[in-house]
Amino acid sequence: MRKIKHYLFLVFITHSFCLIQAQQFVEGFNGTPNLERHQVTLNLLGPGFTYELGLLKNLSVSGEFAPAYGIYQYGYNFGYAFNTRARFYINFDSRYNKGKNINYNSADYIAAAQSMFWEPLQLFTNIDGPAENTLVFWGGVYGVQRSNDKGFNYNLELGYGYYEGIGGISSGHGPLLKFTIGWVATNRGRNKIHKLN
């Protein structure tokens, strides 16, 4: 089973690098760009990655394996989490219209969030419970994502929600904090954005 998981992970990464040819799509009537269609970011603070799929002009979904910090009534977790997000970018157009950088989805967003902390991947925790427990965060986050022209990226999220304890640990509610520094590995050779006439 473990070999199958490793194989699927390698297939996903290979597919991401070899087949994704992303670009900024331009809206027809006012010339403002959409989010990146496909974006893979490699996390530099610790091994991990983020895959973001642009669905609509300001809406994307993402999956990520990255460090996160969760705290609630019964304790805290700091370590690796499997994160999924449905992001709605709230200032993408205004940043573009002001001439600010929007490369690699550089904007603020709000998101419906789910983060899963599995006990063996936690670096620091004080939650009492049996080994191999799981703590799942369900809530909302406010995020800031910025990237420079070379693709170096940082992402900061702060949110609040319900923590579901699985495997013998208590459930509760509390905040979530996630910060990553990475490098955008896709869209390296894309064209500059041009407004339509």
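The numbers here are math on the coordinates, done by the rules we state, and not lab data. If you're wondering where the values come from, they're calculated on a predicted model, not measured in any experiment. Cβ sites come from the backbone with ideal geometry, for glycine too, and all protein chains shown count toward neighbours.
Translational diffusion coefficient, Stokes-Einstein: compute it for region 56-184 using the Kirkwood radius over C-alpha pairs as Rh, at 25 °C and 0.890 mPa s, and state it as an integer in µm² s⁻¹.
Numbers: Rh = 15.3 Å.
Estimated via Stokes-Einstein, D reaches 160 µm²/s.
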### Query
Once both labels are modelled 7 Å past Cα along the beta-carbon direction, what's the Leu53-Ile71 spacing in nm?
3.5 nm
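Taking the Cβ of each residue in Arg37, Arg95, Arg85 as the centre, tally the other Cβ atoms inside 10 Å and list the residues starting with the fewest. List each step's numbers first, then the result.
Details: Arg37 18, Arg95 15, Arg85 24.
Result, fewest neighbours first: Arg95, Arg37, Arg85.
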### Task
With a point put 7 Å past each Cα toward its Cβ, work out how far Val144 is from Ile90 in nm, to one decimal.
1.3 nm
### Query
Whole-Hz Karplus ³J(HN,Hα) for region 83-93, in order, using 6.51 cos²θ - 1.76 cosθ + 1.60 and θ = phi - 60°, x for Gly and Pro?
10, 10, 9, 10, 9, 10, 6, 9, 9, 5, 5
### Query
³J(HN,Hα) across region 59-64 via Karplus (A = 6.51, B = -1.76, C = 1.60, θ = phi - 60°), whole Hz, x for Gly/Pro?
10, 9, 10, 9, x, 8
